[in-house]
Amino acid sequence: MATTKHVSSPKPFLTFLNLLIVAATATTASNKPVVLMISCDGFRFGYQFKTDTPNIDLLISEGTEAKLGLIPVFPTMTFPNHYSIATGLYPAYHGIIMNKFTDPITGEVFNKGLDPKWWLGEPLWVTAANQGRKALTYFWPGSEVPKGSWTCPKGLCPHFNLSVPFEERVDTILSYLDLPKDEIPDLMMLYFDEPDGAGHNYGPDDPRVTNAVARVDNMIGRAIQGLKKREIFDEVHVILLGDHGMVTNCDKKTIYIDDLADWIKIPADWINAYSPVLAINPRWGKYVENPAEKNAELVAKMNEALSSGKVENGEFLQVYLKEKLPKRLHYSDSSRIPPIVGMVGEGLLVRQNRTNAHECYGDHGYDNKYFSMRSIFIGHGPRFRRGKKVPSFENVQIYNVVAEILGLLPASNNGSALFTNNILSQFGKTGEVK
Ligand SMILES: *[C@@H]1O[C@H](CO)[C@@H](O)[C@H](O)[C@H]1NC(C)=O
Ligand SMILES: *[C@@H]1O[C@H](CO)[C@@H](O)[C@H](O)[C@H]1NC(C)=O
Ligand SMILES: *[C@@H]1O[C@H](CO)[C@@H](O)[C@H](O)[C@H]1NC(C)=O
Ligand SMILES: [Zn+2]
């Protein structure tokens, strides 16, 4: 229940407004703002039009939506993006520069591991815990890493296990809303691994992806019903989003590194990743005096070959020294990023040679300028206006939005402090009271 406050103002109208403000910013269940963030992995913007999605539609019609979707960070991969959403940092600054990578300096391999040394920055659950609040994560990438006051307590932070049914994930989260007032988490972050799985296996246009979208919508419905049953649907801030989109790729659209051999030979063991991001870490050996110069030469030779018109699909790959990548990608300022990065055209593949052919499937990780890499953002609850559409924005803005709703002091990050004004009203539902 909302607490009543002694109001000394003699003006009845102001008194009425004050009461409204108190009523709207409190949560019946707990007297405090609560955020439930739900991520649907690989929910490409536009999937909501594939089939009936009554539950997502409800959040959209009663909440605030990024009209043309949420812009992921580059590379548009799951771990970098979930951790950018959590920290407000571009991957160069939060350290998870790809799902899997080799540190060019130490040679150590990151492969979604939990060693805290990889995970830089301050994710929301740490910000909350450090400021005496309670956070709960359900499979959010990075949340099992101990950091600050966050120890990933059993129960509040289950061990990543994709066999746990979606229903169980939703019901577990809902059960925390039945706790005594002062034990209800302030922040809950829930992760679904669909429709990403179906999108990879079959490509985004397959009917099985449509089924996965319907299934996810159904789970959103389960969450909404649970909140409604507890009479707190209009009081909890529900943020529904995804990390990136999905696009079809096929054998027919492949660039083969061995086809560049007339210009430059690049050994397979210099290549850490082929596509959607080509990551090259040349090993010149100790007798080469100026590796930076050799790297620049290699990039020039590769681009000469690719633009010669003689390399199949060459026009769809452009190679850069990482310092020369377009600034909008924010993908240079980390020693973990390999010295040479190739930007692969939308839906294209890069392979060493023509062995190991495969058929069409789906992938993501490409330049975040492509519309196919966008995901969704919908905010519903007291601080989000009903039926509002906002222009697309990058997911590094979300950290500040959640910090603002919860009244947390944000750690330094790459979001803009002013952005929260674009998307949040100042006082809960009183935003509508004119
Ligand atoms: C993962 O979850 C499934 C389904 O709940 C369960 O049967 C299995 O034991 C879990 N695996 C681990 C390693 O906890
Ligand atoms: C093709 O490239 C792979 C590495 O991607 C390598 O293991 C294999 O030996 C190469 N095959 C030929 C015929 O060069
Ligand atoms: C991103 O934020 C980090 C941490 O505050 C800062 O060091 C870095 O300069 C920022 N980068 C950009 C491009 O804003
Ligand atoms: Zn994926």
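Would you list, by chain and number, the lysines whose Cα falls below 19 Å from the Cα of residue 112, excluding same-chain residues fewer than 8 positions away?
Correct list for residue 112: 100, 147.
Convert 10 °C to kelvin, take the viscosity as 1.306 mPa s, use the Kirkwood radius over C-alpha pairs of region 233-300 as Rh, and evaluate the Stokes-Einstein diffusion coefficient in µm²/s, rounded to a whole number.
Stokes-Einstein gives a translational diffusion coefficient of 99 µm²/s.
Work through the residues other than residue 126 whose Cβ is under 11 Å from its Cβ and net out their charges, Lys, Arg +1 and Asp, Glu -1.
Once positives and negatives cancel, what remains is +1.
Determine ³J(HN,Hα), in whole Hz, for all residues of region 268-275 in sequence, where each value follows from phi through the Karplus function 6.51 cos²θ - 1.76 cosθ + 1.60 and θ = phi - 60°; x replaces Gly and Pro.
4, 7, 8, 9, 7, 7, 9, 7
Grab the beta carbon distance between residue 360 and residue 284, set R0 = 41 Å, and tell me the FRET efficiency rounded to 0.05.
Efficiency for this residue pair is about 0.65.
What are the trypsin sites (Lys or Arg not before Pro) within region 75-175 that DSSP puts in a loop, where the Cβ has at most 10 other Cβ atoms within 10 Å?
154
Just the isolated ones, please: cysteines in the chain lacking another cysteine beta carbon under 4.7 angstrom.
By the Cβ distance rule, which asks for a partner under 4.7 Å, the isolated cysteines are 40.
For helix 166-175, report the angle its Cα long axis makes with the longest principal axis of the Cα atoms of the chain; keep it between 0 and 90° and round to the nearest 10°.
For helix 166-175, the angle is close to 40 degrees.
Mind checking the full-extension length gain between residue 234 and residue 32? Use 0.36 nm per residue of separation minus the Cα-Cα distance, one decimal, nm. Write out the running numbers ahead of the final one.
Details: separation 202, 0.36 × 202 = 72.72 nm, distance 1.31 nm.
Value of the extension gain: 71.4 nm.
Going by alpha carbons, how many degrees (0 to 90, nearest 10) lie between the helix axis of 78-87 and the longest principal axis of the chain?
40
Over all directions, how big on average is the projection of the convex hull of the alpha-carbon atoms in region 310-369, in square nanometres? Provide the component values of the computation, followed by the final result.
Details: hull surface 21.5 nm².
About 5.4 nm², averaged over all directions.
By the scheme Lys and Arg +1, Asp and Glu -1, what is the net charge of all other residues having a beta-carbon under 14 Å from that of residue 295?
+1
Starting with the fewest neighbours, write out 270, 119 ranked by other beta-carbon atoms found within 10 Å of each beta-carbon.
270, 119
Enumerate the calculated ³J(HN,Hα) couplings along region 417-425 in order (Karplus 6.51 cos²θ - 1.76 cosθ + 1.60, θ = phi - 60°), each rounded to whole Hz, writing x wherever the residue is Gly or Pro.
4, 6, 4, 4, 5, 5, 10, 10, 7
Would you mind counting up the charge near residue 88? Only other residues with Cβ under 12 Å from its Cβ, with Lys and Arg at +1 and Asp and Glu at -1.
So the environment of residue 88 carries a net charge of -3.
With the crude spin-label approximation of a point 7 Å out along Cα→Cβ, what separation in nm comes out for residue 68 versus residue 117?
Between residue 68 and residue 117, the label points sit 4.4 nm apart.
Would you mind computing the Rg to Rh ratio of the chain from its alpha-carbon coordinates, Kirkwood style for Rh? Intermediate values should be presented prior to the final figure.
Numbers: Rg = 23.6 Å, Rh = 23.0 Å.
Result: Rg/Rh = 1.02.
Quick one: what are the phi-derived ³J(HN,Hα) couplings along region 282-299, Karplus 6.51/-1.76/1.60 with θ = phi - 60°, whole Hz, x for glycine and proline?
Each residue of region 282-299 in turn: x, 10, 6, x, 6, 8, 7, 6, 10, x, 4, 5, 5, 4, 4, 5, 4, 4 Hz.
Using only Cα atoms, find the angle between the long axis of helix 12-25 and the longest principal axis of the chain, and express it within 0 to 90 degrees, rounded to the nearest 10.
For helix 12-25, the angle is close to 50 degrees.
Under the rule of at least 5 residues apart or a separate chain, name every residue whose amide H is placed under 5 Å from the amide H of residue 273.
Amide H neighbours of residue 273: 279.
List the residues whose amide H sits under 5 Å from the amide H of residue 360, counting only those 5 or more places along or on another chain, with H placed 1.01 Å from N in the peptide plane.
Long-range HN contacts for residue 360: 251.
Would you grab the residues whose amide H sits under 5 Å from the one on residue 414? Only those 5+ places off in sequence or on another chain, please, with H modelled 1.01 Å from N.
Under 5 Å from the amide H of residue 414 lie the amide H atoms of 89, 90, each far enough along the sequence or on another chain.
Using only alpha carbons, build the gyration tensor for region 102-261 and give me the equivalent ellipsoid semi-axes, biggest first, whole Å. Working shown, then result.
Numbers: eigenvalues 224, 126, 26 Å².
One finds semi-axes of 33, 25, 11 Å for region 102-261.
Just in region 343-434: which GluC sites (Glu not before Pro) are loop by DSSP and have at most 10 other Cβ atoms within 10 Å?
Taking region 343-434 and a limit of 10 other Cβ atoms within 10 Å, the loop GluC sites (Glu not before Pro) found are 359.
Each value in this text was obtained by applying a stated rule to the coordinates, not by laboratory testing. Not measured: the values here are computed from a predicted model. Here Cβ is always computed from backbone atoms with ideal geometry, including for glycine, and neighbour counts include all displayed protein chains.
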